[in-house]
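Rule-based calculations on the coordinates, nothing more; no lab input. Predicted model only: the values in this text are computed from it and were never measured. Neighbour counts are summed over all protein chains in view; Cβ atoms, including those assigned to glycine, are modelled from backbone coordinates with ideal geometry.
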Amino acid sequence: MTTEVRPVPPDTEPAPQPQAQAAAPPELSPAGRRRSLGVAKVVRWLLLVVFSIAFVYPLVWLVSASLKPKSQVFDNRVVPETFQWSNFVEVWNAGPVLRWLMNSGVVSLMAALAVTFSSALVAFGFAYFRFRLRGLLFGLVLATMMLPGAVTMIPVYLIWHQVGLVDTQVPLWANNLFGSAFYIFLLRQFFLGIPRELFEAARIDGCSYFGLFRRIALPLCRPALIIVFIFEIQASWSDLLKPLIYLQTEEYFTMPRGLKQIVDGFALSGEYHWEIAMAATLIATLPMIVVFAFGQRHFMEGLATTAKQG
Amino acid sequence: MADRSLLQRREGRAAYLFIAPWIIGFLVFTAGPMVASLWLSFTDYSLVEPAHSVGTANYQQLLADPRVAKSLANTFVYAALFVPLGTVVALALAMLLQRIGRASGFFRTVFYLPVMTPAVAAGAMFLLLLNGQRGLVNQVLGWFGVTGPNWTTDPAWLKPSLALVSLWTVGGSIIIYLAALNNVPRQLHEAALLDGAGPVRRFVSVTLPMISGALFFTIITHTIAAMQMFDQAYTMFYGPQQKSTASDESLVYMVYLFQNAFEFFKMGFASAMAWLLFVIILVITVIQVRVGNRFVYYEGGSTR
């Protein structure tokens with residue numbers, strides 16, 4: 001099959017909304033309201049600025065606190081009176097932070113790769129084929145979204161315990177090899193948006209079913225795959241519960257688990273080095289900020305799609 | 001005719017190959033464990049000794065253990081604080097963003113940034129920001145002559161402070177609402193305006209119905225998530241340093257369940273707790289869907 005398919009965005013993909021157009025209602029108001037409109041505008045901007053500060057300032061504070069000496073952490077100055085860069089050296093003594101970062105990187109990468117591929121495969125199965133139990137099985141997929149993790153948490157732990165993989169990182173991502181309900185749902189919507197004629201033409205050219213998936217469905221839905229990938233990176237990176245359940249050896253900890261260990265350690269010793277804890281907090285957060293910087297558009301698109309599906 | 005059925009059979013086989021990962025995963029990691037969990041809930045399994053059947057003792061224990069009721073109440077209070085507040089704040093901010101048009105891109109980034117902060121990190125930093133004596137939050141409140149509470153130590157304020165930290169990460173809803181608001185056809189607002197509808201009337205009669213799908217979706221998912229809240233509460237208030245005398249006011253259901261399962265190794269009891277949670281979430285969701293179906297407007301019939 002040599003047909004080069006040009007990536008046509010499927011219907012369900014959120015069109016990049018021209019923001020100017022979105023600015024609707026204000027101009028609609030009758031002329032008599034113009035004066036109050038000016039005031040309203042000022043109030044709107046004021047509110048936005050205040051809320052923006054409330055949302056961003058804690059992160060600014062974090063950066064600043066992580067650079068302060070112990071006695072100044074609570075002075076709440078934006079710019080530290082004295083810069084104590086050594087906090088970021090000290091933090092290595094509080095725990096194998098570099099190791100934890102690498103562990104988190106590996107785990108979230110594995111989790112995201114596994115869930116993206118498997119969910120896409122399953123989603124394609126549900127989107128392209130017509131088979132007898134499709135409705136029932138897809139209903140079951142959706143139903144599992146409602147199931148609290150707590151119900152399966154203990155037996156799943158016992159499974160990993162049985163096969164001797166507790167205290168390894170495998171249980172943190174291996175479930176993802178079997179797809180995840182929400183992502184299957186999301187990707188299926190995207191696959192359904194691909195015109196069926198594309199697949200039929202390829203079939204006539206002798207393309208296999210897997211070929212349809214790999215050569216047509218996947219390339220056309222790249223944006224959706226990136227959305228799934230990036231959401232899972234974030235979800236997996238942030239998780240605390242699974243690392244708490246499965247990891248005992250400090251060396252294997254993920255970054256959030258390690259951070260919890262550092263905070264607990266200071267609490268246990270009774271001597272709080274919050275500046276070190278804040279340095280570790282910043283280290284745990286920064287990689288996600290970087291991911292966001294690169295993947296921002298995909299996060300926004302992913303959420304916008306979610307809104308439409310809702 | 002025979003050809004078609006052959007093709008259909010081949011298609012069917014291929015289909016099951018594609019969805020095989022999910023079927024296997026469902027059997028091994030969902031259906032199987034559900035059965036096992038139900039069975040465990042009637043035993044006293046502790047990981048070291050084989051499980052003994054204890055009949056309904058674990059379920060009786062659910063009623064007898066005051067900490068179950070306490071943790072459930074705490075979780076409800078947290079959810080009752082966070083879900084409505086989060087929805088209103090997110091919707092208000094989304095509406096503000098919609099009005100300012102072009103610049104909203106920048107603000108979307110600003111509002112979403114906290115969502116990227118891992119829950120443990122958010123918990124750790126808010127422990128300091130919410131410090132009663134020297135925390136930034138109370139300092140800012142002080143500028144307005146308000147004496148802030150001891151957010152992280154006063155038993156009465158532990159749940160509000162958990163809700164506050166969650167509120168900080170409400171950016172996802174803002175983006176969802178903004179997208180929904182932008183999908184509301186302009187003509188509807190114009191028509192309402194011509195009919196003499198004021199801003200409040202337009203909000204109630206045009207905006208709300210048109211975004212009710214998104215509202216409904218986020219309220220349900222937030223409620224389900226709130227009932228299972230763990231990371232933040234555990235980071236801020238629990239861990240090996242926790243004294244047994246410490247206040248139970250921050251004990252949310254999942255924290256107590258986790259403790260029973262993996263700290264006290266009462267896995268049978270923890271399984272019973274899990275099933276109770278499942279039933280509660282199911283009931284809440286069914287009620288929400290019932291109520292929701294009366295108010296939610298789906299464009300062009302149903303999307304399902």
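Annotations for the structure displayed:
- Neighbour-count order for B:V83, B:V289, fewest beta carbons within 10 angstrom listed first: B:V289, B:V83
- Between amide H atoms placed 1.01 Å from N, distances below 5 Å from B:T43 occur with B:V54, all of them 5 or more places distant or on a separate chain.
- Computed over all pairs of different Cα atoms, the Kirkwood value for the hydrodynamic radius of the stretch A:180-220 is 10.7 Å.
- Kyte-Doolittle at least -0.5, axis length at least 18 Å by Cα - qualifying DSSP helices, chain A: A:34-65, A:97-128, A:149-162, A:222-238, A:255-269, A:274-309
- Separation of the A:R44 and A:K70 label points, Cα + 7 Å toward Cβ, nm: 5.1 nm
- Diffusion coefficient, µm² s⁻¹, Stokes-Einstein with Kirkwood Rh over alpha-carbon pairs of the protein assembly as shown at 4 °C and 1.567 mPa s: 49 µm²/s
- Its DSSP H runs of at least 4 residues, each contributing -39,500 (n - 2.57), put the calculated 222 nm mean residue ellipticity of chain B at -21000 deg cm²/dmol, to the nearest 500.
- Taking every residue in B:124-134 and counting other chain Cβ atoms within 10 Å of its Cβ, the average works out to 5.
- Choice from B:L96, B:L40, B:L178 showing the highest fluctuation, given a GNM over chain B with Cα pairs closer than 10 Å: B:L96
- Take the Cα of B:Q241, step 7 Å toward its Cβ, do the same at A:A201, and the gap between the two points is 6.5 nm.
- Partner shielding of A:156-163 amounts to 3, given as the average count of beta-carbon atoms from other chains within 10 Å of each residue beta-carbon.
- One compactness figure for the stretch B:1-46 is 1.94, namely its Cα radius of gyration divided by 2.2 N^0.38 Å.
- Summed residue charge, Cβ within 13 Å of A:A112's Cβ, Lys/Arg positive, Asp/Glu negative: -2
- The stretch A:46-103 and the stretch A:165-200: distance between their alpha carbon centers, rounded to Å: 37 Å
- Volume in Å³ per residue [convex hull over Cα atoms, computed for the stretch B:194-264]: 114 Å³
- Each Cα pair under 8 Å and six or more residues apart adds its separation to the average, and for chain B the resulting relative contact order is 28 percent.
- Tail fraction, Cα-Cα pairs, the stretch B:68-295, threshold 26 Å, whole percent: 47 percent
- In this structure, B:Y297 and A:A54 have a Cβ-Cβ separation that, at R0 = 30 Å, corresponds to a calculated FRET efficiency of about 0.40.
- Counting only DSSP H runs of at least 4 residues, each contributing -39500 (n - 2.57), and dividing by the residue count of chain A, the helix-based mean residue ellipticity at 222 nm comes to -21000 deg cm²/dmol.
- Think of the stretch A:94-309 as a dipole: +1 on every Lys or Arg Cβ, -1 on every Asp or Glu Cβ, centred on the Cα centre; then among A:Y252, A:F210, A:A224, A:F210 lies furthest on the positive end.
- Take every pair of alpha-carbon atoms less than 8 Å apart whose residues are at least six positions apart; their mean separation over the length of the stretch B:207-288 yields a relative contact order of 28 percent.
- Counting lysine pairs in the protein assembly as shown whose alpha carbons fall under 23 angstrom apart, excluding pairs fewer than 8 residues apart on the same chain, gives 11.
- Charge dipole (Cα centre; +1 on Lys/Arg Cβ, -1 on Asp/Glu Cβ; no other charges) of the stretch A:94-309 amounts to roughly 1020 debye.
- A P(r) calculated from all alpha carbon pairs of the stretch B:99-148, with 10 Å bins opening at zero, reads 23, 29, 32, 16, 0 percent.
- Net charge of neighbours whose Cβ lies under 12 Å from the Cβ of A:N103, counting Lys and Arg as +1 and Asp and Glu as -1: 0
- In this calculation the C-beta distance from A:N93 to B:Y16 is compared with R0 = 60 Å, giving a FRET efficiency of 0.65.
- Restricting the calculation to alpha carbons of the stretch B:65-173 gives Rg and Dmax of 15.9, 55 angstrom.
- Distribution of pairwise C-alpha distances over the stretch B:1-132, 10 Å bins, in %: 9, 15, 19, 22, 21, 13, 2, 0
- P(r) tail fraction, the stretch B:135-176 - alpha-carbon pairs more than 13 Å apart, %: 62 percent
- Environment charge of A:D239, counting only residues whose C-beta is closer than 12 Å and scoring Lys/Arg +1, Asp/Glu -1: +1
- Around the Cα centre of chain B, unit charges on the Cβ atoms of Lys, Arg, Asp and Glu (plus for the first two, minus for the last two) sum to a dipole of about 800 debye.
- Peptide B:34-40 shows a mean partner chain C-beta count of 4 within 10 Å per residue C-beta.
- With R₀ fixed at 45 Å, the C-beta to C-beta distance from B:V200 to B:V140 puts the FRET efficiency at about 0.90.
- What the pair-distance distribution of the stretch A:95-195 shows, using all Cα-Cα distances binned every 10 Å from zero, is 14, 35, 32, 15, 4, 0 percent.
- Looking at the stretch B:186-304, the pairs of alpha carbons with a distance over 20 Å make up 61% of the total.
- Largest-first ellipsoid semi-axes for the stretch A:94-309, taking √(5λ) over the Cα gyration tensor eigenvalues, angstrom: 38, 20, 14
- Here the residues A:E200, A:E301, ranked from fewest to most Cβ neighbours within 10 Å of their Cβ, fall in the order A:E200, A:E301.
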